[in-house]
1. Restricting attention to the range 309-323, report how many residues are touching a residue at least 40 places away in the same chain (Cβ under 8 Å), among the aliphatic types (A, V, I, L, M) and either within 11 Å of ligand 1 (Cβ to nearest atom) or in a helix (DSSP H, G or I) (or both).
2. Taking the conditions exactly as written (over 30 Å from Met300 (Cα atoms) and among the basic types (Lys, Arg)), does Arg580 satisfy them or not?
3. Considering Pro141, Pro151, Pro176, Pro181, which residue is touching a residue at least 40 places away in the same chain (Cβ under 8 Å), surrounded by fewer than 23 Cβ atoms within 10 Å (Cβ to Cβ), in contact with a strand residue (DSSP E or B) (Cβ under 9 Å, 6 or more places away or on another chain) and not charged (D, E, K, R)?
4. Looking only at the range 464-482, decide whether some residue is touching a residue at least 40 places away in the same chain (Cβ under 8 Å), farther than 19 Å from Trp341 by Cα and crowded, with 18+ Cβ neighbours inside 10 Å.
5. Is there a residue in the range 148-166 that is more than 16 Å from ligand 1 (Cβ to nearest atom) and at positive phi?
6. Restrict the check to the range 282-293 and report whether at least one residue is among the charged types (D, E, K, R) and under 29 Å from Glu195 (Cβ atoms).
7. For the range 311-337: of the residues being more than 15 Å from the chain's Cα centre (by Cα) and at positive phi, which is surrounded by the most Cβ atoms within 10 Å (Cβ to Cβ)?
8. Is there a residue in the range 324-342 that is without any contact (Cβ under 8 Å) to a residue 12 or more places away in the chain and either among the hydrophobic types (A, V, I, L, M, F, W, C) or closer than 28 Å to Thr450 by Cα (or both)?
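The values are calculated or read from the model by the stated rules, or taken from the named source; none is laboratory data. All values reported here derive from a predicted model rather than from experimental measurement. Here the Cβ positions follow ideal geometry from the backbone for every residue, glycine too, while neighbour counts run over all protein chains shown.
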Amino acid sequence: MNLRFLLPALMLTGLAACNWSKPDENTSTPKPSPIITTDEAKDLHSYARPHEARVTHVALDLTADFDAKVMRGTATLDLAVAKDAKEVVLDSKDLTIDQVTDAEGRQLPFALGKADPILGAPLTVQLGGARKIVVHYASSPGAAALQWLSPAQTAGKQHPYLFSQGEATLNRTWIPTQDSPGIRQSWEATILVPEELTAVMSAEMLTPKGEASEGGRLFMFKQDQPVAPYLIAIAVGDLAFKQIGPRTGVWTEPSMLAKSAAEFSGLEKFVTTAESLYGPYRWGRYDLLVLPPSFPFGGMENPHLTFVTPTVLAGDKSLVSLIAHELAHSWSGNLVTNATWNDFWLNEGFTVYFENRIMEAMEGKERAAMLADLGWSDMQTAAKEAGGWGAKDTQLHLDLKGRDPDDGMTEIAYEKGAVFLRTIEQAVGRPRWDAYLRSYFDRFAFKPQTSAGFLADMRATLFKGDKATEDRIGLDVWVYQPGLPKNAVHVRSTRFAQIDRAAADFAAGTLGPSPIVNSGPLGARDISDWSTQDYQRLLNSLPRKLPAAKLAELDKGFQFSASGNSEIRFAWLMLAIPNRYPPAAASAEQFLTGMGRRKFVSPLFQALQDQGEWGQPIARRIYARARPGYHSVTAGSVDKIVGWKG
Ligand code: BES
Ligand code: ZN
């Protein structure tokens, strides 16, 4: 008998604000946002014991020291403390703690526990009645969240650059707080940066131009809404801004501004489209920051200011669904947040679903179907990599106990998660599903969520006792078991059927040279309107083994080795490398030393590594050149693939 069926009733009582003592008179957060107290919501990747003492507000006062490559200063934390609790436990990793005081400057005893390689070290502070504490500290030059770029690593080549990446558990390397997604905190920051640089953060900017100050320029930010602490983010560099719509715009280095603004000229429309689906955008501004190429992700949904890789600047807007994705996180992820990393799919699966709905509304059903169909293939690839659909990690609800959360974060959470929601949509019908989702985002706004909580809510508000529909979907099987249930809804692109035929014909060699103008490797097909996604599909659907002559024909016809479109270049190299196609080596070298987006970098190094005496020397040569430019997130993954030893 599955106990989970009994959980819904318990869940409703699980959201507790607890037995808090009154916060300080002058604290800016009167009511702490709730914490879920069920077992499923216990975060194994944080030392915090929030039901005893929890952080409700963080005030950072930091200097970005580009010479020492450290962030130095204070974090002032407002606490809600349960009756009888004497201490607060914070997360920290590689921090130097100088002292901890109360608001009046009186020293408070503290201890840094033993450091775990994944979790870092607990920082325990004896409160002596304090409800506000001030941690004086500095990050280390190797802080995993931060990348300090030399001028040579930027577009402008004149100034250094700093950016942070908090998700999943990296922010503890520069902010001593309770680094758990279920412990929401409002925050503010005052940041001192070198005179010629600009600081931006994932918050409202109080001083857009900064203020002259001794030793540099001061920038101030505030985030009144409580957010999960992984969403605190900063970038400092030679930055310029261009407005797109009334509440949208782009930040980037001056030389990237025109190109970025052109690529994302539809930004305001994305926001209004998202709002028309699932309710008001609740974060004020929605700006983008286009980062230098070492940014390890495609995008990161930092509130107010999505961080984006420059590899989406295809020049033809063909990769902008990534913006739909990060924007969708403003609801799924940032409003309603996975309580622990085991339920990462609640962030990403919902977001991929929502992303696709935005794309459908903006570009039509067939375009959306193409994107969803590519996602389906990515899901199948991820399942293979996990060890097949029988593997534990193909569950939506993960078990990351004792593991780096990063290890369990695969495309399964994204794509199987989205397919699950499409399957529910199909079972209950779009109007009912949309009404439900909209109310779900409203009711759980600014709250953490678990798988059990979501399922309980659907049972209570969507299915309302309609056991037949519920059973037809098989909610618990979807969430708590490996595999892909038979009822999974596979959205297919009709266009892709033709692409698949072209790929098969080409591979079978049935195409002769054709006299038609647009004939090429694919014969007399009209490829003049082929999109990036068509090429991705073509490259993914060609047989994995192809002779060099065939590859050369493709390369000559489409110039894949030199493609400036990152997705096409990647899909091409993932085909060419396993076939040991000689020109792939130089193309891979140029690509891998030019950007550090992990989604491209890791699989390509793996592909090289898999090619024994042909690929491994190439991998070693390229990595020696590329590694110094990578963020720790990317370097950490590739180190394992190529067996890098410092
Ligand atoms: N939140 C993720 C990025 C992330 C995931 C950071 C896990 C750290 C740990 C972001 O929204 C994301 O999913 N980015 C994707 C792009 C998206 C279009 C699928 C990426 O980076 O490729
Ligand atoms: Zn995402």
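1. Total meeting the criteria: 4.
2. yes
3. Pro141
4. Yes, the range 464-482 contains a residue that is touching a residue at least 40 places away in the same chain (Cβ under 8 Å), farther than 19 Å from Trp341 by Cα and crowded, with 18+ Cβ neighbours inside 10 Å.
5. yes
6. Within the range 282-293 (the criterion being among the charged types (D, E, K, R) and under 29 Å from Glu195 (Cβ atoms)), the answer is yes, since at least one residue qualifies.
7. Ranking the candidates gives Lys317 first.
8. No, that holds for no residue.
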